[in-house]
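**Q** Let me begin by handing over the structure; questions about it come next.
The values are calculated or read from the model by the stated rules, or taken from the named source; none is laboratory data. Quick caveat: nothing in here was measured; it's all calculated off a predicted structure. Note that each Cβ is placed from the backbone with ideal geometry, even for glycine, and that neighbours are counted across all protein chains shown. Areas reflect the complete protein model, heavy atoms only, side chains present, ligands, DNA and RNA absent. Shrake-Rupley method; radii C 1.70, N 1.55, O 1.52, S 1.80 Å.
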Amino acid sequence: EKSHCLDDYNNAIGHKNALRAAIQDISTLTHEKTDKPFVFIVDELDRCRPLFAIEILETIKHIFDVPHCIFVLGIDRSQLQKSIQAVYGEIDSQKYLERFFDFEMRLASPNVSTYFDHIYDSYIPTNQNLPGYMTAGSKDGRFRTTLMHICEYFNLNLREIEIVFKTFFAVLIFDEIQKCRHPIL
């Protein structure tokens, strides 16, 4: 039993080393051909299960820390800190994260109004037989304004606004809602 566990451990170490060597070869080749680093982009790590998110961070730090290899992580730092505390308890999650990041850039808060206009024009069709006040090119902004007020009232984030539009658009494709006098309801 003990020798079996030791064999499994040695195999895992061998696989880890092989993966690290392969990444190092790819990043070196990329750098030699382009004079640029090999870049991995990891997005929404903060939305993963807490233990998985931490395991990914630790894997990036310990296995993929090779020359000419860069990881770009798109995260909500406060959510990732909550994941760390969920796994490790009340530790200084800020200090914990500092071990993993060499450089940090904070993005400006999104302009909800601009995003709303973009998503409205993307989801509300212009070429269907909808009442004039509902189409994207409508000069009568009652429908658009009502939807915007709903999103503002509930303080929806960008993802939630898109969900509202996906849901509403799914309903709009049925003729019955198009004949409704107050389709926003």
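**Q** So in segment 1-26, with the set limited to residues that are acidic (Asp, Glu) and part of a helix (DSSP H, G or I), which one is surrounded by the most Cβ atoms within 10 Å (Cβ to Cβ)?
**A** Checked segment 1-26; the qualifying residue surrounded by the most Cβ atoms within 10 Å (Cβ to Cβ) is 25.
**Q** If the requirement is being modelled with pLDDT of 90 or more and either among the hydrophobic types (A, V, I, L, M, F, W, C) or closer than 24 Å to residue 23 by Cβ (or both), which of these qualifies: 63, 41?
**A** Details: 63 fails: modelled with pLDDT of 90 or more.
Criteria check complete, one pass: 41.
**Q** Something else: Before we move on, is residue 91 among the β-branched types (Val, Ile, Thr) and either modelled with pLDDT under 85 or farther than 30 Å from residue 56 by Cα (or both)? Give the steps one after another, and end with the answer.
**A** Numbers: among the β-branched types (Val, Ile, Thr): yes; either modelled with pLDDT under 85 or farther than 30 Å from residue 56 by Cα (or both): no.
It is false that residue 91 is among the β-branched types (Val, Ile, Thr) and either modelled with pLDDT under 85 or farther than 30 Å from residue 56 by Cα (or both).
**Q** Within segment 153-164, does at least one residue satisfy the condition of being of a type in the set (Asp, Glu), farther than 20 Å from residue 48 by Cα, out of contact with any strand residue (DSSP E or B) (no Cβ under 9 Å at 6 or more places or on another chain) and at pLDDT 85 or above? Full working, then the answer.
**A** We begin by selecting, within segment 153-164, every residue of a type in the set (Asp, Glu); these are 160, 162.
Now drop any that are not farther than 20 Å from residue 48 by Cα, which leaves 162.
Keeping just the survivors that are out of contact with any strand residue (DSSP E or B) (no Cβ under 9 Å at 6 or more places or on another chain) gives 162.
Now narrow it down to the ones that are at pLDDT 85 or above: 162.
Taking every residue of segment 153-164 in turn, at least one turns out to be of a type in the set (Asp, Glu), farther than 20 Å from residue 48 by Cα, out of contact with any strand residue (DSSP E or B) (no Cβ under 9 Å at 6 or more places or on another chain) and at pLDDT 85 or above.
**Q** Among the residues that make up segment 27-45, is at least one of them under 30 Å from residue 159 (Cα atoms), assigned to a helix (DSSP H, G or I) and out of contact with any Phe, Trp or Tyr (no Cβ under 8 Å at 6 or more places or on another chain)?
**A** Checking segment 27-45: at least one residue is under 30 Å from residue 159 (Cα atoms), assigned to a helix (DSSP H, G or I) and out of contact with any Phe, Trp or Tyr (no Cβ under 8 Å at 6 or more places or on another chain).
**Q** Right, something else. Anything in segment 84-100 that is open to solvent by less than 90 Å² (accessible area, probe 1.4 Å), without any contact (Cβ under 8 Å) to a residue 12 or more places away in the chain and either assigned to a loop (DSSP other than H, G, I, E, B) or touching an Asp or Glu at 6+ places or on another chain (Cβ under 8 Å) (or both)? List them, or say none.
**A** Of everything in segment 84-100, those that are open to solvent by less than 90 Å² (accessible area, probe 1.4 Å), without any contact (Cβ under 8 Å) to a residue 12 or more places away in the chain and either assigned to a loop (DSSP other than H, G, I, E, B) or touching an Asp or Glu at 6+ places or on another chain (Cβ under 8 Å) (or both) turn out to be 89, 91, 92.
**Q** Also, I was wondering about something else. Residues that are in contact (Cβ under 8 Å) with a residue 24 or more places away in the chain, hydroxyl-bearing (Ser, Thr, Tyr) and open to solvent by less than 90 Å² (accessible area, probe 1.4 Å): does segment 101-115 have at least one?
**A** Yes, because at least one residue in segment 101-115 is in contact (Cβ under 8 Å) with a residue 24 or more places away in the chain, hydroxyl-bearing (Ser, Thr, Tyr) and open to solvent by less than 90 Å² (accessible area, probe 1.4 Å).
**Q** For segment 130-148, give me the residue count where each residue is open to solvent by 60 Å² or more (accessible area, probe 1.4 Å), more than 14 Å from residue 117 (Cβ to Cβ) and at pLDDT 55 or above.
**A** The number of residues fulfilling the criteria is 1.
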